[in-house]
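Please read the structure below before turning to the comments.
Just so you know, all these numbers are worked out from the coordinates, no wet-lab data involved. These numbers were taken from a predicted model, which means no experiment stands behind them. Cβ atoms come from the backbone with ideal geometry, glycine included; neighbour counts cover every protein chain shown.
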Amino acid sequence: MITRDMTMGQVVLENQKLLLLFPRFNLTLGFGEMSVEEVCNAHHVDVDFFLEIANAYLDMQYVPGEGLSLFSLGTMIKYLTATHTYFMETALPMIEEKIHRLLENSSLSNKEINLVTSFYHDFKKDVKEHINEEEQHVLPYILELEKQSALGHPDPSFITKLRNYSIKAFEQEHGRLETSLEHLSSLIIKYLPPFEDFQLCHQVLHDLANLVNDLIDHANMEDKVLIPRVVELEQQLLNRKGDE
């Protein structure tokens, strides 16, 4: 368990997986002997939020709950949006580049190469569509809901919208994208001829596994923390208007 008074350098040396989170908080290296709290304060990051995310990220058995529920929806959405950026601009292009190199130097047939590339491109397309749906419709709605809930007199047009829409509509469409990546890993491990460049193949499989875990972590925050909080806020606002 990471705590605020631990030295950030030692924390990262013992848990280098945390480096994947740093860009999402705009944290940089070179923090010397500063504590976790000191590093977060220097980068204007809420240390309690960072600790909740970091500890959940390191422990796959951890189910985000009371700790994260203390933070504003805006804080969580900022983190989720940064995670989207990491997926689209870092993780997916990096894996795609390695897959390209792996296939380029393999003895696979054209049919087998097309199977792998089509698999990955379809997955990337699904991720992009899912992120676009969230950022264009779902996340702005949540931010507006939080804003209206803080007002003494919410906008009547928003209340009308609220009576005809719920975040549960998004929840029902929220499939687990990581399943496609697990199928791609299974394809490489079980059914394709062995790759000559075993080290590169191992890197690809390692990166795919990391991305699967990242997607699970991302979905858990949305399904187990964000959506229940939004549902609660929706009901509170509707009940408030009903009492007026």
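A few comments on the model shown:
- Scanning the chain for long hydrophobic helices, with DSSP H runs required to stretch 27 angstrom or more by C-alpha along their axis and to average at least -0.5 on the Kyte-Doolittle scale, returns 198-220.
- Cα-based reach from LYS128 at 12 Å (exclusive), listing aspartates and glutamates while leaving out same-chain residues under 8 positions away: GLU89
- Structure-based [θ]222 nm, the chain - -39500 (n - 2.57) summed over DSSP H runs of at least 4, per residue, nearest 500: -19500 deg cm²/dmol
- Separation of alpha-carbon centers, the stretch 15-56 and the stretch 91-136, rounded to whole Å: 31
- Mean separation of Cα contacts under 8 Å, 6 or more apart, over the residue count of the chain: relative contact order %: 24
- Those trypsin sites (Lys or Arg not before Pro) in the stretch 1-104 that DSSP places in a loop and that have at most 16 other beta carbons within 10 Å: ARG4
- Diffusion coefficient, µm² s⁻¹, Stokes-Einstein with Kirkwood Rh over alpha-carbon pairs of the chain at 4 °C and 1.567 mPa s: 64
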